[in-house]
Amino acid sequence: MSTISRVAVHAFSYELENFGANIMTYVKNGNLPVTKFVTVIETDDGLRGEFAPHYMANAMTCAQVSQMAPMLIGRNAEHRGKIFEDLKNAFRHFDRAGIAAIDGALWDLAGKKYNCSVAQLLGGYRDRIPAYASTFPGQSLTGGLDSIEAYADFAQQCAELGYPAFKIHGFWDGKPKSEIAIMTAVRERVGDSMRLMTDPASSLPTFLDAVEVGRACDDLKFFWYEDPYRDASSSAFGQKKLRDFITTPLLVSEHIRGFEQKADFLIAGGTDIVHIDPELDGGITGTMKIAGFAEALGIDVQIHTAGPMHRHCLSAIVNTYYYEMGLVGPGMFNSMQPPIYTCGYGDQLEDIDSDGCVSIPAGPGLGVSYDWDFINSRQTGLSEFAV
């Protein structure tokens, strides 16, 4: 038995170049301070598991992991399912995003123990996955996606790089007209060479706005329509009602947390495709539960955002299409990815092969290695728990 003897949460900070007030706004020569963290789990027999979240590596999640960590000391590191359930119950009053950071480190540890990848542990059947380009949102400042033409230009660039599909995050201004204008310009530019999707990110103010954009999705033959309007994509009734007015498949449930809630949402008819985020839905353990449930109902899933954990899950999920390469934009660094990898791993725009695919990391565990000199030299906090 590998008994957990130490859990450490390392917070670190760095600066993003050419970003402004937030991680989604391009500003030439801007410098944006960013703080992320890595979870490390060690056992009494010398094993070590590590996981660095991307999208959810914020202060709230970091604090939650530090609260959860003491519950792991003295436990069998291979009892991932029981640890998942115990943390889910103990933190039921919260969003429980911290579970993913712990679960990812536990799976990494297990792979290293048995000298195989997480994909192998999951029964992964493929080592490459088609990717779609998922854009940054538009902006009013000069640079990045600052115009309708910029979206069309960028879609063409992504098509030339080999991406088979392209997802629009528009200006999020609540105006169907601007959303539809971008969709139309992109379709006219790339023709039928790419599958297209759009994600208003719950920015459309009303149900009728969502219907208007949805009908444009139908006319333009979009592959899916994601998180349309300001119910925060949480009303199964509202999304099911929207389904009565359009034919484009709906991709909803990004903001519905966890296995049970997503199951209820799906059964209630709130979505056509289930959206799963490994960093929000309980890591690999939670993701595979949701994917399996959807598969049993004959429903597809899509994995939200990008990261090594996401790739390993996708290697073993049959009922899915694409890896979300996001967020990307013209001349923009994918700000979700921390610059800590020493193994060549990347989620940047150019990190696809000639067929528009990304590879599953093949080494033991999650198959990635971190630059601990970089992390330690920029450390801003350390929460440590040990026997």
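Cα centroid separation, the stretch 297-313 to the stretch 246-277: 13 Å. Here residue 208 and residue 264 are evaluated by their C-beta separation; at R0 = 30 Å the FRET efficiency comes out at 0.70. A straight chain from residue 241 to residue 215 at 0.36 nm per residue would run longer than the Cα-Cα distance by 8.0 nm. Here's the picture: charge each Lys and Arg Cβ at +1 and each Asp and Glu Cβ at -1 in the chain, and of 169, 7, 333 the one pushed furthest to the positive end of that dipole is 7. Among the helices of the chain, those built from whole DSSP H runs whose Cα atoms reach 18 Å or more along their own axis and whose mean Kyte-Doolittle hydropathy is at least 0.5 are 283-296. Extension gain for residue 15-residue 31 works out to 5.2 nm (0.36 nm per residue, less the C-alpha to C-alpha distance). From the coordinates of this entry, mean projected area of the Cα convex hull in nm² is computed, and it appears in [x] 19.3; [y] 31.3; [z] 17.7 under the label [z].
Per residue, the accessible area of the chain comes to 38 Å², computed with a 1.4 Å probe over protein heavy atoms only. Reducing the stretch 130-149 and the stretch 8-55 to their Cα centroids gives an inter-centroid distance of 23 Å. For the set 153, 281, solvent exposure ranked by accessible area (probe 1.4 Å, protein chains only) runs largest to smallest as 153, 281. Residue ranges 194-205, 332-343 sort as 194-205, 332-343 when ordered by packing (mean number of other C-beta atoms within 10 Å per residue, highest first).
Using only side-chain charges placed at the Cβ, +1 for Lys and Arg and -1 for Asp and Glu, the dipole size of the chain relative to its Cα centre rounds to 680 debye.
Which residue fluctuates the most in the chain, going by a Gaussian network model with Cα springs under 10 Å, if the choices are 29, 76, 376? Greatest mean-square fluctuation among the candidates belongs to 29. The length gained on full extension between residue 59 and residue 45, counted as 0.36 nm times the residue separation minus their Cα-Cα distance, comes to 1.9 nm.
The values are calculated or read from the model by the stated rules, or taken from the named source; none is laboratory data. Computed from a predicted structure; not experimentally measured. Don't worry about glycine lacking a Cβ; one is built from the backbone with ideal geometry, like all the others, and counts go over all protein chains shown. These area figures cover heavy atoms from the full protein model, side chains too; ligands, DNA and RNA do not enter into them. Shrake-Rupley method; radii C 1.70, N 1.55, O 1.52, S 1.80 Å.
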